[in-house]
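As structure tokens, the structure follows; a few thoughts come after it.
The values are calculated or read from the model by the stated rules, or taken from the named source; none is laboratory data. Since the structure is predicted, the reported quantities are computational estimates derived from the model, not experimental observations. Every residue, glycine as well, gets a Cβ built from its backbone with ideal geometry; the counts of neighbours run over all protein chains shown. Side chains are part of the model used for accessible areas, which takes the heavy atoms of the whole protein and leaves out ligands, DNA and RNA. Shrake-Rupley method; radii C 1.70, N 1.55, O 1.52, S 1.80 Å.
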Amino acid sequence: MAHIADLLAAGRTFSFEFFPPRTDAAQATLVRTLRELEPLEPSFVSVTYGAGGSTRERTHELVAGMLRTTSLNPMAHLTCVGHSRLDLAEILVRYRRAGVDNVLCLGGDPPAGMDLPPSELAYAVDLARLALAVGGFSVGVAAHPLGHPSSPTRASDREHLAAKLAVADFAITQFFFRVEDYLLLVEELTAVGCDKPVIPGIMPITNLASVARMGALAGHPVPPEIVARFEGLEDDPDAVRSLGVELATELCEKLLAEGAPGLHFYTLNQSRATREIYASLGLIPRRY
């Protein structure tokens, strides 16, 4: 396996994100998706971690399984919420013993309706320090181009992100839709003396029902000028999907032209949109 920090030092990275399936049908879908995306030769892939450790075993099994049965380079997500320091250290040691080289350290949001034990580590930066203490990991953290929803000000958000990146090797952003938002994030980090790589996260709009949900996930509404592009397409799901992929491709092209260190695709365990964007960007390997 390869450290993501080393891959970024050598050039651009292109990566995919998956989540652990909860049913047999979802497992079959993910297996098919992995088979379709593995030949694209991503630099790495990441696997999410459920709120409060709800997918602790499934995340580990998926990451370890990728190491055993595929050529993929997996990164495990890990969150502080609902865990003691010892719990988190044990999870990290278990990943190292399995051969996992990369971890994304997240604070995590307390899930509604779950009775969880107190979180001993309060912030992602604390978890990043713990991962470094365990040793052997390339450590990533999350970034929010428009600011984390819980940050009181944009300036404080950038200060906290710079503090995380003083410990971590790189950041991956929440998905966004305007290149200007990413460029301003990088500019503001540079202004506070932070020059670590920040990989933009990409999620195409593939159906209108997802627009409000995507805004909720990102903590900010989908920009009105993007929503307006879909007006009149309510009865044409194919046109919606095609436009969503087109807009995501345009965003990727602008990001690469502006020097972004890579692209990270939120796949939702589906392959089609990612494969189409890859093809439009000319990233498909010749032997694919």
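Does any residue of region 32-45 turn out to be assigned to a strand (DSSP E or B) and surrounded by 19 or more Cβ atoms within 10 Å (Cβ to Cβ)? Yes, region 32-45 contains a residue that is assigned to a strand (DSSP E or B) and surrounded by 19 or more Cβ atoms within 10 Å (Cβ to Cβ). Restricting attention to region 197-217 and to residues that are hydrophobic (A, V, I, L, M, F, W, C), over 30 Å from ALA10 (Cα atoms) and open to solvent by less than 20 Å² (accessible area, probe 1.4 Å), the residue that is modelled with the highest pLDDT turns out to be ILE205.
Yes/no matrix, rows are residues, columns are (1) at pLDDT 95 or above; (2) buried (at least 17 other Cβ atoms within 10 Å of the Cβ):
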site: LEU116; (1), (2): no, no
site: GLU120; (1), (2): no, no
site: LEU146; (1), (2): no, yes
site: SER150; (1), (2): no, no
site: LEU165; (1), (2): yes, yes
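Within region 67-92, being of a type outside the set (A, V, I, L, M, F, W, C), over 18 Å from the mean Cα position of the chain (by Cα) and not in a loop (DSSP other than H, G, I, E, B) holds for ARG68, THR69, ARG85, ASP87, GLU90.
When LEU247, LEU268, LEU233 are checked against the criterion of being touching a residue at least 40 places away in the same chain (Cβ under 8 Å), out of contact with any His (no Cβ under 8 Å at 6 or more places or on another chain) and assigned to a loop (DSSP other than H, G, I, E, B), a single residue qualifies: LEU268. If you go through region 186-196 and keep only what is charged (D, E, K, R) and either open to solvent by less than 60 Å² (accessible area, probe 1.4 Å) or within 16 Å of the chain's Cα centre (by Cα) (or both), you end up with just GLU188. Scanning region 29-46 for residues that are among the polar types (S, T, N, Q) and either farther than 22 Å from HIS3 by Cβ or out of contact with any Lys or Arg (no Cβ under 9 Å at 6 or more places or on another chain) (or both) turns up THR29, THR33, SER46. For the residues GLY82, GLY65, GLY107, GLY99, the requirement of being open to solvent by less than 40 Å² (accessible area, probe 1.4 Å) and under 21 Å from VAL198 (Cβ atoms) singles out GLY107.
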